[in-house]
Amino acid sequence: MKNSAVNVKIKNYQMIMNQVRTKKITTKTDLMHDLHLSFSTVSNLCNELQQYGYLDVEEGLHSSGGRRPSIIKLNSAVKCFIILKFSNSIYSYEIELINFNFQCISSNLVDYRAVKSLDSLLELIGSSILNIIKDSAFSMEDLIGIGIDLPGVYDKKRDVVFTPERKMLHNTNLRQRFQDMYPDKIVILENDANLIALGQCVSSNSSIKNSLVMYFTHGVGVGILHEGAVFKGNAGYAGEIGHLRSAFGTKECPVCHQKGCFQTLATIRCILAEYYAGIYDMEYINQNYKQLIDSFSDAVNSGDKRACEIMKTAAESIGDIIGGLIDLFNPEIVGLCGNYINLLEDFLETIRSTTHARSYTIDNNDTPIVTIHDYQFLMSLGSSNLLFDSWFSSDVAFTS
């Protein structure tokens, strides 16, 4: 009976913290109504969570005549998360320190092109983690866990990463290597597009539960959100659309050597490779793509005929693929984001018109296609929330 009572209390703790996390700021009265608990139960549980240090409970400034309502929010200073992002470049990673209120309080970009082995890279990342925490008000004891945001495929059955562009990380048990380094911390590894879709779902005031997020970096992937959860498929491969055939594709794919792959038309490296053919090779483009995106954007904005034709074909191929995905998944919304999102925004009408031409069902549901500019924030938010979920769903959050 005692264990049963403890389990009920922990479940109620979890419900309250989840509700506060979702609403950001709430009151005991709101929690009472939202969770169908008595006011005294909510009040006692909030006071106990405040003693743990997880909640800030402050007296409100305004009253309707009786006792002022207590304002409840997460205590941002009690715990923290580390997020590692490998999406922006194949030669660097970004490390972020996130507080308990899911705000980034510090970040650094670390170049690792001089590193020659996975062991050396892990050593460099370990130093980065120590340094970013040392320069903050947190300690390693405050760290809940580490979220690794990675492009490519994460095979959840074998716990192996497939990201061919990042040779040191490719075909490795990366999550377990981190878990061995930090045995008392939670370590999660997830595809970047999946995390953006999840972040969009859990962001403030979001009601989106079913969406597709198409994320363009060196490759292209889709995060599939179904009823508020990421759909990964049998082994975690869902959303890998780079090698779907596009009706607009004719070129040979440098990866699979088949013709017509979507990624040969719609990824920025292939767009740049076509525009700068005979001038720069792929190695140069990979190392300098940010500057080349800027110069290519200038060419498009100035009306360069060839640049505009390449972008129009890219937009048509994106619309073609989205049309098929809409018929397959029937999402509430389709979001586009990534390293050339500003350029894509100028071709949204082409994307939408091609989607309408391709999709059989879109006229009946009019699925909006939008650009997402805060995708880096959403990626961090999705990763932090996975860490939070894993942490507070365990007894350790309420027994330590």
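The values are calculated or read from the model by the stated rules, or taken from the named source; none is laboratory data. Keep in mind that this is a model prediction, so the values were computed, not measured. Note: ideal-geometry Cβ built from the backbone for every residue, glycine included; neighbour counts use all protein chains shown. SASA here: full protein model, heavy atoms, side chains in, ligands and nucleic acids out. Shrake-Rupley method; radii C 1.70, N 1.55, O 1.52, S 1.80 Å.
Quick notes on this one:
- Residue in the range 207-215 that is open to solvent by less than 40 Å² (accessible area, probe 1.4 Å), at pLDDT 90 or above, part of a strand (DSSP E or B) and closer than 17 Å to residue 85 by Cβ present: yes
- In summary, residue 280 fulfils each of the numbered conditions (1) part of a helix (DSSP H, G or I); (2) free of Cβ contacts under 8 Å to residues at least 40 places away in the same chain; (3) surrounded by 14 or more Cβ atoms within 10 Å (Cβ to Cβ) with the single exception of condition (1).
- Meets criteria (open to solvent by less than 20 Å² (accessible area, probe 1.4 Å), of a type outside the set (Val, Ile, Thr) and touching a Leu at 6+ places or on another chain (Cβ under 6 Å)) for residue 192: no
- Residue in the range 253-266 that is more than 26 Å from residue 91 (Cβ to Cβ) and surrounded by fewer than 17 Cβ atoms within 10 Å (Cβ to Cβ) present: yes
- Some residue of the range 286-298 being surrounded by 22 or more Cβ atoms within 10 Å (Cβ to Cβ), in contact (Cβ under 8 Å) with a residue 24 or more places away in the chain and closer than 30 Å to residue 366 by Cα: no
- Residues located in the range 167-186, provided they are among the basic types (Lys, Arg) and out of contact with any strand residue (DSSP E or B) (no Cβ under 8 Å at 6 or more places or on another chain): 167, 177
- Only one of 123, 141 that is open to solvent by 20 Å² or more (accessible area, probe 1.4 Å), of a type outside the set (Phe, Trp, Tyr) and closer than 21 Å to residue 387 by Cβ: 141
Per-residue answers, yes or no, for (1) out of contact with any helix residue (DSSP H, G or I) (no Cβ under 8 Å at 6 or more places or on another chain); (2) within 19 Å of residue 193 (Cβ to Cβ):
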position	(1), (2)
256	yes, no
269	no, yes
299	no, no
306	no, no
313	no, no
319	no, yes
335	no, yes
340	no, yes
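- Looking across the range 63-79, the residues that are more than 14 Å from residue 26 (Cα to Cα) and at pLDDT below 75 come down to 63, 64, 65, 66, 67.
- Matching strands (runs of 3 or more DSSP E) fully within the range 17-121 where at least 2 residues are more than 28 Å from the chain's Cα centre (by Cα): 55-59, 70-74
- No other residue among 149, 180, 184 is charged (D, E, K, R) and either in a strand (DSSP E or B) or touching a residue at least 12 places away in the same chain (Cβ under 8 Å) (or both) apart from 149.
- Lone qualifier among 123, 141 - being of a type outside the set (Phe, Trp, Tyr) and farther than 20 Å from residue 176 by Cα: 141
- Any hit, the range 127-140, residues being part of a helix (DSSP H, G or I) and either in contact with a Ser or Thr (Cβ under 6 Å, 6 or more places away or on another chain) or under 30 Å from residue 242 (Cα atoms) (or both): yes
- Put simply, of 85, 79 the only residue that is open to solvent by 20 Å² or more (accessible area, probe 1.4 Å) and either out of contact with any Ser or Thr (no Cβ under 9 Å at 6 or more places or on another chain) or of a type in the set (D, E, K, R) (or both) is 79.
- Subset tally (residues that are in contact with a strand residue (DSSP E or B) (Cβ under 8 Å, 6 or more places away or on another chain), among the hydrophobic types (A, V, I, L, M, F, W, C), open to solvent by 30 Å² or more (accessible area, probe 1.4 Å) and farther than 22 Å from residue 310 by Cβ) for the range 222-250: 2
- Yes/no for residue 341 being β-branched (Val, Ile, Thr) and over 27 Å from residue 269 (Cβ atoms): no
- Of residues in the range 344-371 being of a type in the set (A, V, I, L, M) and open to solvent by 10 Å² or more (accessible area, probe 1.4 Å), the one farthest from residue 198 (Cα to Cα): 357
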